[in-house]
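Have a look at the structure below before the remarks.
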Amino acid sequence: MKMNSPIGLFDSGVGGLTVFREIVRLLPSEDVVYFGDVGRYPYGGRSKEIITQFTRQDIAFLLEHDVKFIICACNSASSVALEEVIGDYEIELIGVIEPGARAAVNKTKNSRIGIIGTHATIGSNAYAKVIHSLDSDMKVFSLACPLFVPLAEEAYIEKEATYLIAKDYLQTMHDVGIDTLVLGCTHYPLLKKVISEVMGDTVTLIDSGEETAKEVRQKLVKTNLINSKTSEIPPINGDYNFFVSDVPDKFSSIATRFLGHHMEKITRVDISRYPAKLEL
Ligand code: DGL
């Protein structure tokens, strides 16, 4: 395994850029290959079988790029597919559920944790399972908030409509008295301001992407896989290559908004060429 190989990261589309942003912040010298499956987005309303097939193709694509580590940035894929596929690859693969769940358990004071995500993530109960494996006394309250994804994509960040929808969705979380809320979807960190205003300052928000980036850094340090550019003075910034499964235009404009600067190197790929089933 080469320390100077890129980190691979995949998502159903642009949402994984919230995780990418955290990786760049914590590991600025790492090269990253990002695959956004914009042609088949969204994953969040699909079945386990389909999401698992897409996940295998996304991983196969990244492996072709000689990555040293793979991050499944998509909560839906991390929830329903990762457990099934993880043992089939030699490369280290990390999803966003465990880091987010662990941070929530560490943060809560009243042992009442809320989870919000897509239908796939919430239906899988993945967060609750990890939380209960860490501490069986935790009370977990889960809720699908599917409208948050298009609102974030359409830049409805601080609009009245978004505030009203958030209030409506999150009322039950208020009622059950949680003190910690996991943003269990790539897009939700973009609505952090609205969600935190609705929940009030007694509730801590956990950004699974942020927690995942911290865990990636720890794992790279532990396995001596930190890019050698990190120790140069001054450290050299990473190289970023983006690949998408349909026209890059929308990805490019949303990415510019998500990251605050324009991105080059966005290439369209035919993801259907990659195996959707395990090749024996
Ligand atoms: N990336 C997905 C997730 O984190 C949200 C968008 C989708 O449904 O594909 O669950």
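Numerical summary
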item: Residue satisfying all of: in the stretch 49-75; under 16 Å from GLY39 (Cβ atoms) and within 12 Å of the ligand (Cβ to nearest atom); surrounded by the most Cβ atoms within 10 Å (Cβ to Cβ) among these; result: CYS74
item: Single residue of the stretch 157-183 satisfying the filter (more than 20 Å from the chain's Cα centre (by Cα) and surrounded by 21 or more Cβ atoms within 10 Å (Cβ to Cβ)) that is farthest from MET138 (Cα to Cα); result: THR162
item: Boolean, GLU92 is touching a residue at least 60 places away in the same chain (Cβ under 8 Å) and either open to solvent by 10 Å² or more (accessible area, probe 1.4 Å) or not aromatic (Phe, Trp, Tyr) (or both); result: yes
item: Matching option when the condition is under 30 Å from GLN57 (Cα atoms) and either more than 21 Å from the chain's Cα centre (by Cα) or at pLDDT below 95 (or both), among LEU225, LEU147; result: LEU225
item: Whichever residue in the stretch 23-32 is open to solvent by less than 30 Å² (accessible area, probe 1.4 Å) and in contact with a helix residue (DSSP H, G or I) (Cβ under 6 Å, 6 or more places away or on another chain) and, among such residues, is nearest to LEU147 (Cα to Cα); result: ILE23
item: Answer residue from the stretch 1-21, given it is outside any loop (DSSP other than H, G, I, E, B) and touching a strand residue (DSSP E or B) at 6+ places or on another chain (Cβ under 7 Å) and is farthest from the ligand (Cβ to nearest atom) among those; result: ILE7
item: Residues that are touching a Leu at 6+ places or on another chain (Cβ under 7 Å) and surrounded by fewer than 24 Cβ atoms within 10 Å (Cβ to Cβ), drawn from the stretch 1-22; result: MET1, MET3, ARG21
item: Test: residue in the stretch 98-108 that is assigned to a helix (DSSP H, G or I) and more than 20 Å from VAL203 (Cβ to Cβ); result: yes
item: Single match in VAL33, VAL38, VAL24 (criterion: within 12 Å of the ligand (Cβ to nearest atom), aliphatic (A, V, I, L, M) and under 21 Å from SER252 (Cβ atoms)); result: VAL38
item: Top-ranked residue of the stretch 247-276 - restricted to ones that are assigned to a loop (DSSP other than H, G, I, E, B) and in contact with a Lys or Arg (Cβ under 7 Å, 6 or more places away or on another chain), ranked as most open to solvent (accessible area, probe 1.4 Å); result: VAL247
item: Residues being away from the ligand (no atom under 16 Å from the Cβ) and not hydrophobic (A, V, I, L, M, F, W, C) - total across the stretch 76-113; result: 14
item: Any pair with Cβ under 9 angstrom, 6 or more apart, that starts in the stretch 161-185 at a residue that is closer than 11 Å to MET199 by Cβ and away from the ligand (no atom under 16 Å from the Cβ) and ends at one that is modelled with pLDDT of 95 or more and among the hydroxyl-bearing types (Ser, Thr, Tyr); result: ILE178/THR108; ASP179/THR108; ASP179/SER111; ASP179/THR202; ASP179/THR204; THR180/THR108; THR180/THR204
item: The stretch 99-120 residues that are open to solvent by less than 40 Å² (accessible area, probe 1.4 Å), paired with ones that are assigned to a strand (DSSP E or B) and of a type in the set (Phe, Trp, Tyr) (beta carbon under 8 Å, 6 or more apart); result: ILE113/PHE141; GLY114/PHE141; ILE115/PHE141
item: Looking only at the stretch 147-156, and only at residues there that are assigned to a loop (DSSP other than H, G, I, E, B) and open to solvent by 50 Å² or more (accessible area, probe 1.4 Å), the one that is farthest from the ligand (Cβ to nearest atom); result: TYR156
item: Members of the stretch 33-68 found to be more than 27 Å from PHE148 (Cα to Cα) and either touching a strand residue (DSSP E or B) at 6+ places or on another chain (Cβ under 7 Å) or part of a helix (DSSP H, G or I) (or both), listed by number; result: ALA60, PHE61, LEU62, LEU63, HIS65, VAL67, LYS68
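The values are calculated or read from the model by the stated rules, or taken from the named source; none is laboratory data. If you're wondering where the values come from, they're calculated on a predicted model, not measured in any experiment. As a convention, Cβ positions derive from the backbone with ideal geometry for all residues, glycine included, and neighbour counts pool all protein chains shown. When the accessible area is computed, the model is the full protein with side chains, heavy atoms only, and any ligands, DNA or RNA have been set aside. Shrake-Rupley method; radii C 1.70, N 1.55, O 1.52, S 1.80 Å.
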